[in-house]
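Below is one structure, written out as structure tokens, with a few remarks after it.
The values are calculated or read from the model by the stated rules, or taken from the named source; none is laboratory data. The shown structure was predicted, so the numbers you read here are calculated from the model rather than taken from an experiment. As a convention, Cβ positions derive from the backbone with ideal geometry for all residues, glycine included, and neighbour counts pool all protein chains shown. Heavy atoms of the whole protein, side chains included, go into the accessibility calculation; ligands, DNA and RNA do not. Shrake-Rupley method; radii C 1.70, N 1.55, O 1.52, S 1.80 Å.
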Amino acid sequence: MCTTLISIIIMATTKVAAYTLPVLPYPSDALEPIISEETIKNHHGKHLAAYVNNLNKLIPDSEYEGLLVEEIVQQAADGPIYNNAGQVMNHRLYFEQFVPVSQYKAPNGRVINALNYHFGNIEAFKKQMTDAAMSVFGSGWVWLAADAEGRLLIVTEPGGGNPWRRGLTPILGIDCWEHSWYLDYAFDKRAHYDGLWKIINWDVIDNRMSM
Ligand SMILES: [Fe+2]
């Protein structure tokens with residue numbers, strides 16, 4: 001087989017997108033008592049798994065075949081493909097950004113300096129994020145995002161939206177869908193949002209600020 005043909009086959013093979021369920025960076029019970037093991041198992045193992053499976057059914061033979069999830073979120077028209085790609089991207093970022101309470105470390109260095117600069121102080125930042133989450137009517141997300149000049153801003157997105165679609169870099173996301181909190185907190189979703197600040201992995205946030 002000639003080298004050119006082999007190269008074409010390799011390129012064609014690598015272009016096929018097989019979207020997979022990301023592995024959690026901690027055990028499923030590691031975020032208790034803030035997020036229960038049952039919620040993690042449902043949220044990651046059922047809801048996110050469903051978004052991944054949906055994407056794998058929708059993408060083959062579409063104009064988006066071979067694209068990364070991030071590229072689909074940027075390019076897809078509103079509809080099922082965008083919705084499922086958005087939720088796959090959102091939940092990858094979401095589950096990656098947590099750490100068990102016992103391993104929590106307060107933000108420092110670049111992160112705390114950036115939050116102080118843009119929001120006054122860390123408590124003011126947390127309050128703005130939490131208030132934004134409380135303002136989301138129905139399903140959606142709140143994001144700390146960065147624009148092209150590195151300015152930080154808080155944005156809300158309906159449904160499976162991600163500010164990446166509008167040229168912003170997502171840095172920290174709060175999932176406002178009921179599946180993220182209802183099982184543990186019933187009608188007190190503010191308690192869930194307040195608790196999330198005890199399990200944010202600020203090292204992950206720091207890495208995202210450098211991207
Ligand atoms: Fe979710």
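Here are a few things to note about the model shown:
- Restricting region 116-196 to chymotrypsin sites (Phe, Trp or Tyr not before Pro) in coil, as DSSP defines it, with at most 11 other Cβ within 10 Å: 137, 187
- Selected from 169, 130, 20 as most flexible by GNM, with the chain as the system and alpha-carbon contacts under 10 Å: 20
- Accessible area expressed per residue, the chain, with surrounding protein chains retained (probe 1.4 Å, Å²): 51 Å²
- Computed with a 1.4 Å probe over protein heavy atoms only, the accessible area of residue 102 comes to about 110 Å².
- Per-residue [θ]222 nm for the chain (sum of -39500 (n - 2.57) over DSSP H runs n ≥ 4, rounded to 500): -13500 deg cm²/dmol
- Debye intensity ratio I(q)/I(0), log10, the chain, q values 0.09, 0.10, 0.18 Å⁻¹ (C-alpha model): -0.38, -0.46, -1.35
- For a label point 7 Å along the Cα-to-beta-carbon line of residue 147, residues of region 109-123 with backbone N under 14 Å: 118
- Longest site-free stretch - the chain; sites: trypsin sites (Lys or Arg not before Pro), DSSP loop, at most 15 other Cβ within 10 Å: 1-104
- Apportionment of accessible area to carbon and sulfur, the chain, percent (1.4 Å): 56 percent
- Of all the options 138, 109, 159, the one that moves most in a Gaussian network model of the chain with Cα springs shorter than 10 angstrom is 109.
- Exposed loop sites are taken as GluC sites (Glu not before Pro) in a DSSP loop (any state but H, G, I, E or B) with at most 14 other beta carbon atoms within 10 Å; the longest stretch of the chain without one runs 66-148.
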